[in-house]
Amino acid sequence: MRARLFAAVAPLLLAAVPATAQQKPATPPPTPAATPKPVAPKPAFAPAAVTPVVAPARRLRIELTGGVGTSVVDLSSWSGSSANDWSKLAYWGAGRIFFPLGTTLSVGAEVGYHYHFWYTSSSGYSWNYNYPVAATHVGAMLRVPLAGGFTADVGGAMHFFNTTRPGVLASLNYHIPIGRSVVIPIGVRADAIFTSPMVIPVVLNAGVGFSL
């Protein structure tokens, strides 16, 4: 009985073995490729480090200045009589020092001598008297920078005649640099001196300045 059953099944087993050998295992699905991360583009060049510009320190300045001009004055009122002769030629000289104030302004002090005019007058006789009018002065001023190397000075002073008289001043200057520490200031200046009558010397001036 078993022999017959084996004889019947054997041909079926022999036929199934080749079919089984020909089957291939299923190919696994391809693994999806990883998506690359975006890379930031590199700049064509790296900007150079910017060094901050530091303004040079402002320094103390000493100036020596002199000039020549004319004085505006009513000679008849000044002399109390008619002047026989006169000259309103004025000249002056001064030394001053300026200290930096803030980032642009400067404050200064000045000592100087100012010759204003002279005149002659008679006393009713044949004698003529010559009267020179001059004074030393001390003053203070504020210097304001303008465009193109110009500055303006404004301030006040005390003028020492036979009596002391106050006054105000204003000047416009142009500074010519000579090297790093030397300048040549040139300009025009006017003082209003509160005498009776008022004296207003107007002078052209030039000098030399040193930065320390």
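Hey, can you tell me all the residues within segment 54-63 that are surrounded by 14 or more Cβ atoms within 10 Å (Cβ to Cβ) and at pLDDT 90 or above? Answer for segment 54-63, where residues must be surrounded by 14 or more Cβ atoms within 10 Å (Cβ to Cβ) and at pLDDT 90 or above: Arg61, Ile62, Glu63. Sort out which residues of segment 140-155 are in a strand (DSSP E or B), small (Gly, Ala, Ser) and either farther than 24 Å from Ile176 by Cβ or within 11 Å of the chain's Cα centre (by Cα) (or both), and write them in order of number. Correct list: Ala140 only.
Considering only residues that are among the hydrophobic types (A, V, I, L, M, F, W, C) and outside any strand (DSSP E or B), look in segment 185-206 and name the one that is surrounded by the most Cβ atoms within 10 Å (Cβ to Cβ). Please lay out each step first, then the result.
Just the residues of segment 185-206 that are among the hydrophobic types (A, V, I, L, M, F, W, C), to begin with: 186, 188, 190, 192-194, 198-200, 202-204, 206.
Among the residues that remain, those that are also outside any strand (DSSP E or B) are: 194, 198.
Numbers: Phe194: 12, Met198: 15.
So, considering only residues that are among the hydrophobic types (A, V, I, L, M, F, W, C) and outside any strand (DSSP E or B), the one surrounded by the most Cβ atoms within 10 Å (Cβ to Cβ) is Met198.
Out of all the residues in segment 149-164, which are free of Cβ contacts under 8 Å to residues at least 24 places away in the same chain and either surrounded by fewer than 13 Cβ atoms within 10 Å (Cβ to Cβ) or not small (Gly, Ala, Ser) (or both)?
Let us first name the residues in segment 149-164 that are free of Cβ contacts under 8 Å to residues at least 24 places away in the same chain, namely 152, 154, 156, 158, 162-164.
Hits for segment 149-164 are Val154, Met158, Asn162, Thr163, Thr164.
Among the residues of segment 82-126, those that are in a strand (DSSP E or B) and hydroxyl-bearing (Ser, Thr, Tyr) comprise Ser87, Tyr91, Ser106, Tyr113, Tyr115, Tyr119, Thr120, Ser121, Ser122. Taking the listed residues Gly80, Gly102, Gly108, Gly95, the one that is touching a strand residue (DSSP E or B) at 6+ places or on another chain (Cβ under 7 Å), over 18 Å from Ile200 (Cα atoms) and surrounded by fewer than 16 Cβ atoms within 10 Å (Cβ to Cβ) is Gly95, with no other qualifying.
Could you grab me the full set of residues in segment 135-186 that are charged (D, E, K, R) and modelled with pLDDT of 95 or more? Give the derivation first.
Kept after step one, since they are charged (D, E, K, R), are these residues of segment 135-186: 143, 153, 165, 180.
Once the filter is applied, which keeps residues that are charged (D, E, K, R) and modelled with pLDDT of 95 or more, segment 135-186 yields Arg143, Asp153, Arg165.
Here the condition is being closer than 20 Å to Leu64 by Cβ, surrounded by 14 or more Cβ atoms within 10 Å (Cβ to Cβ) and of a type outside the set (S, T, N, Q); of Gly167, Gly179, Gly209, it holds for Gly209 alone.
The values are calculated or read from the model by the stated rules, or taken from the named source; none is laboratory data. Computed from a predicted model, the values in this text were never measured in an experiment. With ideal geometry, Cβ positions are generated from the backbone for all residues, glycine too; neighbour counts draw on all protein chains shown.
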